[in-house]
1. If I filter the stretch 249-264 down to residues being of a type outside the set (D, E, K, R) and more than 16 Å from ligand 2 (Cβ to nearest atom), which single residue comes out as nearest to residue 55 (Cα to Cα)?
2. Here is a list of conditions, (1) within 12 Å of ligand 3 (Cβ to nearest atom); (2) at pLDDT 90 or above, and residue 208 meets all of them except one; can you say which number that is?
3. So how many residues does the stretch 125-163 have that are aliphatic (A, V, I, L, M), buried (at least 17 other Cβ atoms within 10 Å of the Cβ), more than 14 Å from the chain's Cα centre (by Cα) and more than 19 Å from residue 101 (Cβ to Cβ)?
4. In the stretch 247-267, which residue that is part of a loop (DSSP other than H, G, I, E, B) and among the acidic types (Asp, Glu) is surrounded by the most Cβ atoms within 10 Å (Cβ to Cβ)?
5. Kindly indicate whether any position in the stretch 40-60 is at pLDDT below 95 and basic (Lys, Arg).
6. Determine if the stretch 164-175 includes at least one residue that is crowded, with 19+ Cβ neighbours inside 10 Å, within 16 Å of ligand 4 (Cβ to nearest atom) and part of a loop (DSSP other than H, G, I, E, B).
7. Would you be able to tell me the number of residues in the stretch 188-211 that are assigned to a strand (DSSP E or B) and touching a Phe, Trp or Tyr at 6+ places or on another chain (Cβ under 7 Å)?
8. Restricting attention to the stretch 212-246, which residues are part of a helix (DSSP H, G or I) and more than 25 Å from residue 188 (Cα to Cα)?
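The values are calculated or read from the model by the stated rules, or taken from the named source; none is laboratory data. Everything numeric here is computed off the predicted structure, so don't read it as measured data. FYI the Cβ positions are ideal-geometry reconstructions off the backbone, even for glycines, and counts take in every protein chain you see.
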Amino acid sequence: SVKANGRNGLQLFSQEMAQRSMQHFTMEANLRNAIERNELSLHYQPKVDVISGSMMGMEALLRWHQPQLGAVSPAKFIPLAEETGLIEQIDQWVIDSACAQIRHWLEKGAYPVPVAINISPISLRHRKLTRLIKKALERHQVPASLLQIEITESAFIDDMDCVIMQLQTLKEIGISIALDDFGTGYSSLSYLAKLPLDELKIDASFIHNVPDCETSDTLIRAITGIAKNLNLKVVVEGVETNEQLSYVEELVCDQVQGYLTGRPAAASVIETNFAK
Ligand code: C2E
Ligand code: MG
Ligand code: MG
Ligand code: MG
């Protein structure tokens, strides 16, 4: 406790706090300029058919290379962007860049598969999002069927009705919707019935725990069973080993996404490594 550590303990603590908020502040200032300084990019990770091994889709994952800090993980800067409101600009950048890339691949006659983008729960609360997405599709002349949206369950905590409306609009346009990281956080089976979903992505923690953990094994089988009965496509995230892939092959699931079948990589690297 603070008392046990005495005055110095308390001082150390506040110094550390101050340092941390300074880092936070510096990172925010840097993130504010990241777009215009061209520091953001998208990497793409293949989603692969379990049976045929073909690439059925890709997920676009945001990368930030900050000259002083180096590569900053989205797990760090996305929450910061959400806190500071910068997420709006970032979403817009991601939507636009993904559509530009899809257009580029269309012109090359390569990869006629959907590219998924992650949309922050914060952005889903604003109607503007659907308009932004529609505009980007038009601007780049990209068919809606080539775009997918990944959302997480935390999107439904405060305003579920608004989120459902937005998702329905997107779905009407022809965009498919995936529920990401399923089984963690605020999971509720009732979402599966209420939301206009096409795909369920099972959080990587499940596959990392099987086959040793019996509970994970039971849960992953139950979840894939329910999802299939609801006609959802099932993707297992985080497959890293052949052992895990063999395990997945016995599940009722469609696709895997993980380091084993392809790490997230720049578009040019995808073009080198994957057949069109
Ligand atoms: P996510 O959407 O669940 O993305 C999957 C994460 O798992 C990615 O981390 C990916 O690199 C990582 N991954 C893929 N295969 C494996 C594997 O086999 N093993 C392990 N250990 N990890 C694997 P990443 O790129 O660091 O992104 C982290 C999270 O940041 C994403 O989780 C997503 O929630 C968020 N994020 C990334 N890009 C964006 C974006 O453009 N917009 C928003 N709003 N969020 C984003
Ligand atoms: Mg995702
Ligand atoms: Mg995920
Ligand atoms: Mg995640």
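1. To start, the set of residues in the stretch 249-264 that are of a type outside the set (D, E, K, R) comprises 251-253, 255-262, 264.
When the remaining residues are screened for being more than 16 Å from ligand 2 (Cβ to nearest atom), the result is 251-253, 260.
Numbers: 251: 19, 252: 18, 253: 15, 260: 13 Å.
Looking at the filtered set, the residue picked out is 260.
2. Residue 208 satisfies every listed condition except (1).
3. So the count comes out to 2.
4. Residues of the stretch 247-267 part of a loop (DSSP other than H, G, I, E, B): 250-254, 258-264, 266.
Checking which are among the acidic types (Asp, Glu) leaves us with 250, 254.
Details: 250: 9, 254: 22.
Among residues in the stretch 247-267 that are part of a loop (DSSP other than H, G, I, E, B) and among the acidic types (Asp, Glu), the one surrounded by the most Cβ atoms within 10 Å (Cβ to Cβ) is 254.
5. Within the stretch 40-60, none of the residues are at pLDDT below 95 and basic (Lys, Arg).
6. Restricting attention to the stretch 164-175, the residues satisfying the condition of being crowded, with 19+ Cβ neighbours inside 10 Å are 166-167, 170, 175.
Filter once more, keeping what is within 16 Å of ligand 4 (Cβ to nearest atom): none.
No; the residues of the stretch 164-175 include none that is crowded, with 19+ Cβ neighbours inside 10 Å, within 16 Å of ligand 4 (Cβ to nearest atom) and part of a loop (DSSP other than H, G, I, E, B).
7. Step one: of the stretch 188-211, the residues assigned to a strand (DSSP E or B) are 199-202.
Subset that is touching a Phe, Trp or Tyr at 6+ places or on another chain (Cβ under 7 Å): 200-202.
The total comes to 3.
8. From the stretch 212-246, those part of a helix (DSSP H, G or I) are 214-229, 242-246; that's our starting set.
Within the stretch 212-246, 242, 243, 244, 245, 246 meet the criteria.
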